[in-house]
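First the structure, in the form of structure tokens, and then the observations on it.
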Amino acid sequence: MRNFRLLVPLLAVLFVVLAPSVAAAQGDEVVTGPGFIDRALQSLLDGIQFGAIIAITAVGLSLVFGTTHLINFAHGELVTIGAVVAFFLNVGGLGLHIIPAALIAVVVGAVLGGLLQLGLWSPLRRRGTGMINMFIITIGLSLLLRHVVLVIFGTRPQSYREYDIQRAFDLGPVGITPRDLAIFSISLLVLLGVAFMLQKTRIGTAIRAVSSNRELAEASGIDVQRVVLVVWVLGGGLAALGGVFFGLTEIITWDMGFRLLLLMFAGIILGGLGSPYGAMVGSFVIGIVAQMSSLWFPIDLQNAWALLALILVLLIRPQGILGQRERVG
Amino acid sequence: MDEPLLVADEIVAGYVTGVDVLRGCGAELGAGEIVGVIGPNGAGKSTLVKAMFGLLRVRTGSVRLRGEDVTNKPAHELVSRGIGYVPQRQNVFPTLTVEENLRMGTYLRPKQFASRTEFVEELFPLLAKRRQQKAGSMSGGERQMLAMGRALMMEPEVLLLDEPSAGLSPAYQDQVFARVKEINSTGVAIFMVEQNARRCLQICDRAYVLDQGTNAYTGTGTNLLHDEKVIELYLGTLARVR
């Protein structure tokens, strides 16, 4: 039942995103030819890297949904804001190196996440606002933030000053740039860090407890409001970091987070709603399917194949890859 | 005369604006007592417990713990003051293991996890065997044991139980009532809302009969068990022959 709560907005985004993709795909040439295994391995590697970026951003979205049941449509904008803040610090007047710029962007994302909880979501919940109303508010907030970024950043795609173009080094049949290797390694470390925090620390277990049963968590002595604030701060920081990584591997645009949002939703549903580990696994699957589909089909349709994989998995395993069915009675 | 341990006084509360489920009812719980609340469906039994535990806003009236006003204090604060609560439904963290469920019980005092686990597992030996099992895969009766165990982890002075035998097999119901008596014998005062009125009155020191959000009858468990009006209205005439 929880899967269906997200399927409606997912289908709405699917329509918005795929309509132009399908149109753009008209006339694209499907690449075939020799060295297929090498290209497949390269696509697999690219897919794992892309999946890691989706996972970093999706974990926050999954934790917010798990602890609050809020489907945050504006999560993509936290991704964009992370990338754009790092861009202005990197390319703008301060001219900071991308590494300190990225760290500041993560802090800005975390603070923004916390402020949204304290100034918007918490007061709305206290006033008894329904979840559907709050979902609509996230859509409005998404539009608002996206257009604020549009006004400040403009429509022109941009790149960071450092690590823009690099030569790939060979790892057997596949190639990877030092930048992508670093991003992938950091992403994995961050994901492992989040998993460790959730599994082994007191606040992590409290986050899982609130996700599992909010009222019982309160009845066990957990300050649920504080836990939810931690989740928003964590989610905002991770989204901003993912935004910087996405901007480094692709380009920075005013709507980059919104374009990634559909894949984040797909990742967390595929992995099993409410399970942060599921969000990680699901995101990797989505990233791999999206990249590998371009071996046979136009690249503009890669999101469609990722979503087809989502539908197929849900038909076989409705609770998602790591989602668990609860015993009744 | 000293005020009882926990007092709910003239409570008015409800879920929807303008509709009061509780309409001035009250209850008292003395140290070491077992107090039951019975009544027909919709009488406001569970609502009363939720209002006392800060899970539902009290509109008028007051809740006092050891003479101190705790009306509308958040539940997590009441836990730190010595009140434990076991909800009727969704009473465990299904995605957490048994051990993690118990650990959440000592969230505010993690250092006492080992000693309290020992106490709880002595009371519910089943939990020791299932430590690494996900709570969501346990049966209803097993979950009830875990739920009571979790609530006892903070060493509460008061335990609020919301229909602990609801939906359980007769064998598990027997176990639940036996454990309630056992927990009470360790010095924990128990305030228990129960739909199985006869069984509840058998183990209670005192009880309240709620009807439409007000106190209809009050008395000792034994007296209410033999009260003609209570039998007629709430226990059913078959109770006479038992």
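The values are calculated or read from the model by the stated rules, or taken from the named source; none is laboratory data. The structure displayed is predicted, hence computed values, not measured ones. Cβ atoms come from the backbone with ideal geometry, glycine included; neighbour counts cover every protein chain shown. With ligands, DNA and RNA removed, areas are computed over all heavy atoms of the protein, side chains included. Shrake-Rupley method; radii C 1.70, N 1.55, O 1.52, S 1.80 Å.
Mean-square fluctuation check for chain A, GNM, Cα pairs under 10 Å: which of A:175, A:247, A:51 is largest?
Between A:175, A:247, A:51, it is A:175 that shows the largest mean-square fluctuation.
If you add up the charges near residue A:201, with Lys and Arg at +1 and Asp and Glu at -1, over every other residue whose beta carbon is less than 15 angstrom from its beta carbon, what do you get?
Values: positive: A:200, A:202, A:208, A:226, B:103; negative: B:100.
Once positives and negatives cancel, what remains is +4.
For region A:59-130, which trypsin sites (Lys or Arg not before Pro) pass both filters: DSSP loop (anything but H, G, I, E, B) and at most 14 other C-beta atoms within 10 Å? Write down the numbers at each step before the final one.
Numbers: sites: A:125, A:126, A:127; in loops: A:127.
Those satisfying the criteria are A:127.
For the Cα atoms of chain A, what angle does the longest principal axis make with the long axis of helix A:178-200, in degrees from 0 to 90, nearest 10?
The two axes meet at around 20 degrees.
Roughly what % of Cα-Cα distances in region A:57-118 sit above 20 Å, to the whole percent?
On the way: 584 of 1891 pairs.
When all Cα pairs of region A:57-118 are counted, 31 percent exceed 20 Å.
How many percent of Cα pairs in the protein assembly as shown exceed 34 Å? Write down the numbers at each step before the final one.
Details: 78751 of 162735 pairs.
So the pairs more than 34 Å apart make up 48 percent of the total in the protein assembly as shown.
Take the Cα coordinates of region A:139-183, assign each an equal point scatterer, and use the Debye formula without solvent to give log10 I(q)/I(0) at q = 0.34 Å⁻¹.
Debye curve over Cα of region A:139-183, log10 I(q)/I(0) at q = 0.34 Å⁻¹: -1.14.
As I understand it, the value is the acute angle between the Cα axis of helix A:98-116 and the longest principal axis of the Cα atoms of chain A; what does it come to in degrees, rounded to 10?
For helix A:98-116, the angle is close to 30 degrees.
Taking region B:61-111, which trypsin sites (Lys or Arg not before Pro) meet the DSSP loop condition and have no more than 16 other C-beta atoms within 10 Å? Please list the in-between numbers first.
Numbers: sites: B:64, B:66, B:81, B:89, B:103, B:111; in loops: B:66, B:81, B:89.
In loop regions of region B:61-111 (DSSP not H, G, I, E or B), the sparsely surrounded trypsin sites (Lys or Arg not before Pro) are B:66, B:81, B:89.
Using DSSP to define loop residues, name the trypsin sites (Lys or Arg not before Pro) in region A:238-329 whose beta-carbon has at most 14 other beta-carbon atoms within 10 Å. Could the numbers behind the result be given before it?
Details: sites: A:259, A:325, A:327; in loops: A:325, A:327.
When the trypsin sites (Lys or Arg not before Pro) of region A:238-329 are filtered for loop state and at most 14 Cβ neighbours within 10 Å, A:325 remain.
Considering chain B as a Gaussian network with a 10 Å cut-off on Cα pairs, which listed residue, B:125, B:87, B:40, attains the greatest mean-square fluctuation?
Among B:125, B:87, B:40, the largest mean-square fluctuation in the Gaussian network model of chain B belongs to B:125.
What percentages make up the Cα-Cα pair-distance distribution of chain A when the bins are 10 Å wide from 0?
For chain A, the binned pair fractions read 6, 26, 36, 24, 8, 1, 0 percent.
Which lysines does residue B:129 reach when only Cα atoms under 28 Å apart count, and residues fewer than 8 places away in its own chain are ignored?
Within the straight-line cut-off, residue B:129 pairs with A:200, B:111, B:181.
Just to be sure I follow: if Rg is taken over the C-alpha atoms of region B:131-242 and Rh is the Kirkwood radius over the same atoms, what is Rg/Rh? All intermediate terms of the calculation are to be shown ahead of the outcome.
On the way: Rg = 15.3 Å, Rh = 15.3 Å.
In region B:131-242, Rg relative to Rh is 1.00.
Counting only protein heavy atoms and a 1.4 Å probe, tell me what percentage of region B:1-83's accessible area is made up of carbon and sulfur. Walk me through the numbers on the way to the answer.
Numbers: 1630 of 3510 Å².
Ligands and nucleic acids excluded, carbon and sulfur reach 46 percent.
Does anyone have the angle between helix B:140-152 and the longest principal axis of chain B? Alpha-carbon axes, 0 to 90°, nearest 10?
Roughly 90 degrees between the two axes.
Can you tell me what share of the DSSP beta bridges in the protein assembly as shown is antiparallel? A percent to the nearest 5 is fine.
Numbers: 26 of 43 bridges.
Of all bridge pairs located within the protein assembly as shown, approximately 60 percent are antiparallel.
Please compute the net charge surrounding residue B:22, taking Lys and Arg as +1 and Asp and Glu as -1 over other residues with Cβ under 14 Å from its Cβ.
Working: positive: B:23, B:45, B:50, B:57, B:59; negative: B:9, B:10, B:20, B:211.
Around residue B:22, the surrounding residues sum to +1.
Using the Cα atoms of region A:200-329 to build a convex hull, what is its mean projected area in square nanometres? Mind showing how you got there, number by number?
On the way: hull surface 41.0 nm².
Its average projected convex-hull area is 10.2 nm².
When ranked by the protection proxy of mean other Cβ atoms within 10 Å per residue, highest first, what sequence do the peptides A:144-151, B:53-60, A:273-280 form?
Details: A:144-151: 15.0, B:53-60: 18.1, A:273-280: 25.0.
Result, highest mean Cβ count within 10 Å first: A:273-280, B:53-60, A:144-151.
Per-residue HN-Hα couplings for region B:42-49, Karplus 6.51 cos²θ - 1.76 cosθ + 1.60 at θ = phi - 60°, whole Hz, x for Gly and Pro?
x, 6, x, 4, 5, 4, 4, 5
What is the projected area of the convex hull of the Cα atoms of chain B, averaged over all directions, in nm²? If you can, show how the numbers build up before the last one.
Numbers: hull surface 52.2 nm².
Taking a quarter of the hull surface, the average projection is 13.1 nm².
Per Stokes-Einstein, at 25 °C and 0.890 mPa s, what whole-number D in µm² s⁻¹ belongs to region A:222-296, with the Kirkwood radius over Cα pairs as the hydrodynamic radius? Could the numbers behind the result be given before it?
Numbers: Rh = 13.8 Å.
Estimated diffusion coefficient is 178 µm²/s.
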